[in-house]
Amino acid sequence: MKVAIVTGGGSGIGKAVTRTLLVDGFSVALFGRRETVLHDAARSIDPDGERTLAVPVDIGKRSAVENAFAAVIERWGRLDLLVNNAGVGAPSVPLEDITAEQWDQVVGANLSGAFFCTQFAFRQFKAQQPMGGRIINNGSISATTPRPQSSPYAATKHAITGLTKAAALDGRPFNIAVGQIDIGNAGTEMTAGMAKGVLQADGSMAVEPTIEVDHIARAVSYMASLPLEANTFTMTVMATQMPFVGRG
């Protein structure tokens, strides 16, 4: 039996990834802040509840993450895969108008949460037999190229790239593979406003295309399917027509 944790597992990309991992033979723990959403997602994907576990947790709090991991290990006894998917954004306003509370919320969910989950995954991967496991981080296109008025989100996603590289290096002696998927315009609640127009670097507003989350889930499935001696270190999955490559 293979065991996975998916953060932000109750909706959007996380829910789609959970569904695909179940098809691939994983048992999956869904981490997220919204208890009702998590339980509804788990029931819709796995009505009998035999291979899913809904774990309400604020991953920005280290003690809460420790307890959440303990619940997974108590249920299944091991961990094979962590998908650090959870993330939030801040309002699209000038950088100087971002409040301390908004900054802290984004950093907590997007960066601190991914780091805390990585810490406890490493501990479990090192302790279990056979030793090892895999981590897949959701980096986003914003891990390389920011949008206007997105400093908290872009800063945390750039930092995820650094976390991916450092964790991949630190995990190498322990059979821990760490990779990153950078996603562009997946069709979720976060990107719903793109149908009305998104602020561009030249100050204009433009409608941007999105892609189905199932495309992302299939990509994560591929990354997770590799043996631990192989690793997809970086992958970009994006809407073909989105204004990312080039100058417009």
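If only one of Glu229, Glu212 is under 30 Å from Arg172 (Cα atoms) and surrounded by fewer than 17 Cβ atoms within 10 Å (Cβ to Cβ), which one is it? Show your work before the answer.
Details: Glu212 fails: under 30 Å from Arg172 (Cα atoms).
Criteria check complete, one pass: Glu229.
Considering segment 111-141 alone, what residues qualify as being within 30 Å of Gln241 (Cα to Cα), out of contact with any Cys (no Cβ under 9 Å at 6 or more places or on another chain), modelled with pLDDT of 95 or more and hydrophobic (A, V, I, L, M, F, W, C)?
Leu111, Ala114, Ile136
Find the residue count for segment 148-166, including only residues that are of a type in the set (S, T, N, Q), assigned to a helix (DSSP H, G or I) and more than 14 Å from Asn84 (Cβ to Cβ).
Total satisfying the criteria: 1.
Hey, Ala71 hits all of (1) surrounded by fewer than 17 Cβ atoms within 10 Å (Cβ to Cβ); (2) without any contact (Cβ under 8 Å) to a residue 24 or more places away in the chain; (3) of a type in the set (A, V, I, L, M, F, W, C) but one; which does it fall short on?
Failing condition for Ala71: (2).
Here are Gly89, Gly9: which of them is touching a residue at least 40 places away in the same chain (Cβ under 8 Å) and closer than 22 Å to Phe120 by Cβ?
Unique residue meeting the criteria: Gly9.
Search segment 216-229 for residues being in contact with a helix residue (DSSP H, G or I) (Cβ under 9 Å, 6 or more places away or on another chain) and of a type outside the set (Lys, Arg), and hand back the single one that is farthest from Val28 (Cα to Cα).
Within segment 216-229, the first condition is being in contact with a helix residue (DSSP H, G or I) (Cβ under 9 Å, 6 or more places away or on another chain), and the residues that meet it are 216-218, 220-221, 224.
Checking the rest, the ones that are also of a type outside the set (Lys, Arg) come to 216-217, 220-221, 224.
Working: Ile216: 17, Ala217: 14, Val220: 14, Ser221: 13, Ala224: 13 Å.
Among them, the one singled out is Ile216.
Among the residues in segment 100-111, are any out of contact with any Ser or Thr (no Cβ under 8 Å at 6 or more places or on another chain), within 19 Å of Val55 (Cβ to Cβ) and either surrounded by fewer than 19 Cβ atoms within 10 Å (Cβ to Cβ) or touching a residue at least 60 places away in the same chain (Cβ under 8 Å) (or both)?
For segment 100-111, residues out of contact with any Ser or Thr (no Cβ under 8 Å at 6 or more places or on another chain), within 19 Å of Val55 (Cβ to Cβ) and either surrounded by fewer than 19 Cβ atoms within 10 Å (Cβ to Cβ) or touching a residue at least 60 places away in the same chain (Cβ under 8 Å) (or both): present.
Considering (1) within 17 Å of Thr232 (Cβ to Cβ); (2) surrounded by fewer than 23 Cβ atoms within 10 Å (Cβ to Cβ); (3) of a type outside the set (Ser, Thr, Tyr); (4) within 14 Å of the chain's Cα centre (by Cα), say which one Arg134 fails and leave the rest.
For Arg134, the failing item is (2).
Mind telling me which of the residues Thr164, Thr144, Thr156 ends up being under 20 Å from Met238 (Cβ atoms), modelled with pLDDT of 90 or more, of a type in the set (Val, Ile, Thr) and surrounded by fewer than 17 Cβ atoms within 10 Å (Cβ to Cβ)? Outline the logic, then answer.
Details: Thr164 fails: surrounded by fewer than 17 Cβ atoms within 10 Å (Cβ to Cβ); Thr156 fails: surrounded by fewer than 17 Cβ atoms within 10 Å (Cβ to Cβ).
Being under 20 Å from Met238 (Cβ atoms), modelled with pLDDT of 90 or more, of a type in the set (Val, Ile, Thr) and surrounded by fewer than 17 Cβ atoms within 10 Å (Cβ to Cβ) holds for just one of Thr164, Thr144, Thr156, which is Thr144.
Out of the residues in segment 186-223 meeting the condition of being assigned to a strand (DSSP E or B) and in contact (Cβ under 8 Å) with a residue 60 or more places away in the chain, tell me which one is nearest to Ala121 (Cα to Cα).
Ala186
Going through Gly87, Gly60, Gly108 one at a time, which residue ends up being closer than 22 Å to Gln180 by Cα and either part of a strand (DSSP E or B) or modelled with pLDDT under 95 (or both)?
One residue alone meets the criteria, Gly87.
Return yes when Ala64 is in contact with a His (Cβ under 9 Å, 6 or more places away or on another chain) and either more than 28 Å from Asn185 (Cα to Cα) or buried (at least 17 other Cβ atoms within 10 Å of the Cβ) (or both) and no when it is not.
no
Residues in segment 175-190 that are surrounded by 13 or more Cβ atoms within 10 Å (Cβ to Cβ) and out of contact with any strand residue (DSSP E or B) (no Cβ under 9 Å at 6 or more places or on another chain): how many?
2
One residue is enough: does segment 174-185 have a residue meeting the conditions among the aromatic types (Phe, Trp, Tyr), part of a helix (DSSP H, G or I), out of contact with any Asp or Glu (no Cβ under 6 Å at 6 or more places or on another chain) and over 22 Å from Gly12 (Cα atoms)?
yes
The values are calculated or read from the model by the stated rules, or taken from the named source; none is laboratory data. Because the structure is a prediction, the values reported are computed rather than measured. Here the Cβ is made from the backbone with ideal geometry for all residues, glycine too, and neighbour counts use every protein chain on show.
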